[in-house]
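Trainee: One structure is given below, represented as structure tokens, and several questions about it will come after.
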Amino acid sequence: MTASRTIMIVNPNTTASMTRTVLEGARSAAGPATRLVGSTAASGVDSVESNTDEVYGALAVLDQVRAGEAAGVDGYVVACFGDTGLAAAREAARGPVVGMTEAALFTAALLAARFSVVTLPPRTREQSRRVLRETGLAHRATVRAIEEPVAEVHDGSLHLLGAVAAEARAALDADAAEAIVLGCAGLADLVGPLTELLNVPVVEGVAAAVTMTEGLLAQNLSTSRAATYAPPERLGPVPA
């Protein structure tokens, strides 16, 4: 019998309805032995759409992971496009921590020679480009956006199907994209309709991250503690 494991879906913002929406979408990808729990920031910002928001969100992610460690959580998914607080979370957690953005990008890279991220709002495009650079995939992808605030998808995103589909079609036509990555945790309910409309793979990052976390746990793999992600207390005081 496969051992059960608990994966926490970490929402860096304070909007509980977003956590519920993301958790519902993630359950469709999780295996039967996986228990998913949602966690919402206790303080900070109600959405992450700016550099300042990311600072507050990163602190919230760290607090949630520390609480998860006390509760015996096995692995974590950071459910914010841009992977807010991911590096700090890896320092704090015993088990694996996967960001939805890097998971989505690596998944798309396995499925298509070129792909495009469709995110929202436009000012967040650089967050996607940053992760593309860090993963070494910037040469294979473009980033597009629709003019909608993240608050518009806290309770689902089917009302944005037309706008996202139009931008995705433009990516297929103008950018030579062969797959689409949805660039927000609240867009999961667009995967089915977009796949049918576009006839190309549509990747949703939280689902991709859940399955990657399951795979790491199944292999008894976690974050290296050799240097970069060693817990801060093991590194000693910062030199003067």
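The values are calculated or read from the model by the stated rules, or taken from the named source; none is laboratory data. Keep in mind that what you see is a predicted model, and the values were worked out from it rather than measured. Backbone-built Cβ (ideal geometry, glycine too); neighbour counts: all protein chains shown. Remember, those area values only see protein heavy atoms, side chains included, never the ligands or the DNA or RNA. Shrake-Rupley method; radii C 1.70, N 1.55, O 1.52, S 1.80 Å.
Trainee: Checking E148 against (1) more than 21 Å from S50 (Cα to Cα); (2) assigned to a loop (DSSP other than H, G, I, E, B); (3) among the charged types (D, E, K, R): exactly one of these is not met. Which one?
Mentor: With respect to (1) more than 21 Å from S50 (Cα to Cα); (2) assigned to a loop (DSSP other than H, G, I, E, B); (3) among the charged types (D, E, K, R), E148 is out only on (1).
Trainee: Can you go through V181, V117, V143 and tell me which one is open to solvent by 10 Å² or more (accessible area, probe 1.4 Å) and in a strand (DSSP E or B)? Give the steps one after another, and end with the answer.
Mentor: Values: V181 fails: open to solvent by 10 Å² or more (accessible area, probe 1.4 Å); V117 fails: open to solvent by 10 Å² or more (accessible area, probe 1.4 Å).
Going through V181, V117, V143 in turn, just one is open to solvent by 10 Å² or more (accessible area, probe 1.4 Å) and in a strand (DSSP E or B): V143.
Trainee: Could you identify the single residue in A176, A170, A230, A151 that is farther than 22 Å from C80 by Cα, open to solvent by 40 Å² or more (accessible area, probe 1.4 Å) and of a type in the set (A, V, I, L, M)? Please lay out each step first, then the result.
Mentor: On the way: A170 fails: open to solvent by 40 Å² or more (accessible area, probe 1.4 Å); A230 fails: open to solvent by 40 Å² or more (accessible area, probe 1.4 Å); A151 fails: farther than 22 Å from C80 by Cα.
Going through A176, A170, A230, A151 in turn, just one is farther than 22 Å from C80 by Cα, open to solvent by 40 Å² or more (accessible area, probe 1.4 Å) and of a type in the set (A, V, I, L, M): A176.
Trainee: Only one residue in T195, T228 is among the hydroxyl-bearing types (S, T, Y) and in a helix (DSSP H, G or I), so which one is that?
Mentor: Just one listed residue meets the conditions, T195.
Trainee: Something else: Collect the residues in segment 24-83 that are farther than 23 Å from A151 by Cα, charged (D, E, K, R) and surrounded by fewer than 20 Cβ atoms within 10 Å (Cβ to Cβ), keeping them in residue-number order.
Mentor: R35, R66, E69
Trainee: Of the conditions (1) closer than 27 Å to V143 by Cα; (2) under 16 Å from the mean Cα position of the chain (by Cα); (3) among the small types (G, A, S), S17 satisfies every one except a single condition; which number is it?
Mentor: S17 satisfies every listed condition except (2).
Trainee: Any idea which of (1) part of a helix (DSSP H, G or I); (2) open to solvent by 10 Å² or more (accessible area, probe 1.4 Å); (3) in contact with a Gly (Cβ under 9 Å, 6 or more places away or on another chain) is the one F106 doesn't satisfy?
Mentor: That leaves (3) as the condition not met.
Trainee: Tell me, yes or no, whether segment 20-37 has at least one residue that is touching a residue at least 12 places away in the same chain (Cβ under 8 Å), in contact with a His (Cβ under 7 Å, 6 or more places away or on another chain) and not in a strand (DSSP E or B).
Mentor: Looking for residues that are touching a residue at least 12 places away in the same chain (Cβ under 8 Å), in contact with a His (Cβ under 7 Å, 6 or more places away or on another chain) and not in a strand (DSSP E or B), one finds at least one in segment 20-37, hence yes.
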